[in-house]
Structures are given as structure tokens and as C-alpha cells.
Amino acid sequence: MIRHEAGDVPYYTFPAFARHPAIAHAVFTRLGGVSRSPYRSLNVGHSVGDDPRAVEENHRLVQEAIQVKGAELVTARQVHSNHVACVTASDRGRVMPGTDALIADDPGVTLMLRFADCLPIFLYDPQRGVIGLGHAGWRGTAAMIAFRMVSTMMEFYGSDPATMIAALGPAIGPCCYRVGEEVVRAIRPTLPNWQGAIRPNGDGHFSLDLWEANRQQLMNCGLREVQTGRLCTACLAHEFFSHRGEGGSTGRFAALLGIRMPV
């Protein structure tokens, strides 16, 4: 991933997406905002107990950093589901209920989701001009939200998986993500090579690799290019919010993906 600085606000982009000037995208960190501890400092989550005025200022800083307008944003109330919402310019300013992935093809629409260990999934079809942004924890991975995003783009926009590009952002890594047998039973049937993503620790628990699990699901859909930014949010809790790493009391960092208006 490529690190950028917009004043005091750092963010990351993916080389595969940066080649396409028609889209704007970024994964932000927890740095450069105005929230106080335990949400210090670029928290964009309204539902974690932070001062709403600080959250709104953090939203403004995020938008300014990548030059998108708040009026363009479509976001979601994330519930660890596999529900995918297709949105248009008429949805700008809305919070889609009970949704963990957003798909759009209208210029001037920017998708935004929030994270604190779960995996950001970025999709782009340069042939059809369609974007998708998803949120995958273990429940979303077990429910194959990555597959649902791809199949929705195929069904509603005529996308060909072979021409799509995907990127997987910072998330809790297998170094820090210990799960139980119930999680393994839920995810294992969805993976062509589950041993590559789920490793026993010898103590009745397992290490789950969200990047590898979702990469396998995307490749199994027919994608040829999946870029992975393997930054562990728990190891890097000084740079990213981490629900597990901080005992559940923390903020949310932002991921955005938008279609720029033609000049």
C-alpha cells in the first residue's frame, strides 16, 4: 500500500486502484483527527460514544484529504451481514440500514464504511465503471460477502469478474486473530483451500487470516487481480483502531471509494 499525507492526516491507497484516475479511494488511519481518548483521534464512528462534534470534524478532515464532498457520501449501518445495497446519486447523504457492502456506478457518488479490525474490501470494474466497498469480519466472511459483491456487480451491472480488480485493506491479522471451532466450522466450507486461511494453534483455538479467506473467495469468483495490504490493525493499534487490541473501547477508521465527476 502507498502511504500519503494530507497535512496532518495520513491515508493509504492501493497501487492497482491508483492507476485509475476516474476513481478516488483511501484507507485512513486513526491519526490526524480531533477526538479524545479512547477515540483518539480520527474517529468517524457515530455509535461508539464519541463527541458528535468531534466525529463531524473528523468527517470533514477525511473528505478534505481526498477532495470529496460530504454531500456525495453514501454510508451504511454495518451489522456484520452479507447484505449488499446498490446505490445511486439519489442516495447521496443516506445511511443504508442493515448493510455491509455498497455498490454504485454513478459519477459523484462516494462510498464510505467504518472499520476497527474487520476487513475493507474494494472492488472496481473499469470496463463498466462500477465500484464496490465491503466490510468483512468473520461473520461476513462466512456469509461470503465478497462473493455477494461480485455476483451483484455481475447481475445488476453486467460486470465480468475477469476484468475486475480487488484490494483488501488493513485488518486484524492471523498473528492476532484467534478464533474458536464455531468460527472454523462456519468459514471452512466457503474456501477452496481452507488450510491456507485457518491454522490450528494447538490449544483448541485457530488463527484466522481474513485476507487469505477473502482472497480465495474472490479468486474463486473469477477475479485475476486481488491486491492485499497486510497491515494488522491489532499490531498497529497506534496507527489503526483495533476492537480486539483495545479491549472493545475504541473508534472506527474510514475507508472510501468514489467515482469522480468528469472534468
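Every read-out reported here was derived from the displayed coordinates using simple, explicitly stated rules and does not represent laboratory data. A quick note: this is a predicted structure, and the numbers were derived from the prediction, not measured. No Cβ is skipped: glycine too gets one built from the backbone with ideal geometry, and neighbour counts run over all protein chains shown.
Note on Glu225, Glu239: ascending count of other Cβ atoms within 10 Å places them as Glu225, Glu239, the fewest first. Each helix, a run of at least 4 DSSP H residues, gives -39500 (n - 2.57); summed and divided by the residues of the chain, these come to -6000 deg cm²/dmol at 222 nm. Modelled spin labels at Arg19 and His80, positioned 7 Å past Cα toward Cβ, are 3.7 nm from each other. Within a Cβ distance under 10 Å of Pro161, other residues only, what is the Lys/Arg minus Asp/Glu net charge? Its environment carries a net charge of -1. Normalised size of region 143-212, defined as Cα radius of gyration per 2.2 N^0.38 Å with N residues, equals 1.32. I want the antiparallel fraction of DSSP beta bridges within region 52-182, as a percent rounded to 5. Of those bridges, close to 65 percent are antiparallel. Averaged over residues, the count of other Cβ atoms within 10 Å places the peptides 179-188, 57-66 in the sequence 57-66, 179-188, highest first. Ordering Ala71, Gly45, Pro97 by Cα displacement along the dipole of region 43-98 toward the positive end leaves Pro97 in first place; charges were set at the Cβ atoms of Lys, Arg (+1) and Asp, Glu (-1). Taking the Kirkwood radius as Rh and the Cα radius of gyration as Rg, region 127-263 has a ratio of Rg/Rh equal to 0.99. The three principal axes of the C-alpha atoms in region 93-169 carry coordinate ranges of 32, 29, 20 Å, sorted with the longest axis first.
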